[in-house]
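One structure is given here, and the rest of the page talks about it.
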Amino acid sequence: LGSIGPVRRALREVRGREGTNPTATVVLLSEAVTALLRLGRPDERAQGESDMAAALAAYEAALEVVDATEQAVTWSALRQNAGNVHVILGMRNDDADALSRARLAFEDALTVFTRERFPLEWANTTKNLGMVLFSEAELKEDESLYRAALNHLALSMEELTVERHPLQYAGTRM
């Protein structure tokens, strides 16, 4: 995995710099974090853990700058990205608390990513919520979480059809 340290330093610098658009810069940096995480290899677990923690810190720092009301879509995307990191950490470590934080992040994102306004984002976030609920259900052996997971997954599949979103539909069939 590429080093996330420079991204963290850049985030700190941007937060204190005057005359720049901190929101735009933070969003770009959070996208860089996402790209770095996607480049990671599973065999680098120790480095991956510290990079995941750094990524989470970067998303949290970005969320401090982005206004949830005035920049709702950006805020929701950042919450979803933070939720994705919580999922990875929760699944790697069988950590129910991390999975609960992921669930809350996805639920937050869904307050903006509604089915009516953002159908694809809604479907993907709903699918992610269903998957994290399923993982939580497995860890906690909780039948109600299994039911909630299946409900969210079924709802997401109503939107992720071959007619509406062929590429995403294909991804659900792998």
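Rule-based calculations on the coordinates, nothing more; no lab input. All of these numbers come straight from a predicted model, not from anything done at the bench. Cβ placement follows ideal geometry from the backbone for every residue including glycine, while neighbour counts extend to all protein chains displayed.
Odds and ends about this structure:
- For segment 65-82, the Karplus equation 6.51 cos²θ - 1.76 cosθ + 1.60, evaluated at θ = phi - 60°, returns couplings of 8, 7, 7, 5, 8, 7, 10, 4, 5, 4, 4, 5, 5, 5, 4, 5, 4, 4 Hz by residue, with Gly and Pro reported as x.
- At R0 = 30 Å, FRET efficiency that the Cβ-Cβ distance of Leu167 and Glu116 yields, to 0.05: 0.90
- Between Glu143 and Arg92, the modelled label-to-label distance comes to 3.5 nm, taking each label 7 Å out from Cα in the direction of the beta carbon.
- Applied to segment 156-161, the Karplus parametrisation 6.51 cos²θ - 1.76 cosθ + 1.60 on θ = phi - 60° returns per-residue 3J(HN,Hα) values of 5, 6, 5, 8, 7, 9 Hz, with x for Gly and Pro.
- Rounded if a/c under 1.5, otherwise prolate or oblate - segment 52-127, Cα gyration tensor axes: oblate
- Rg(Cα)/(2.2 N^0.38 Å) for segment 121-161, N = residue count: 1.10
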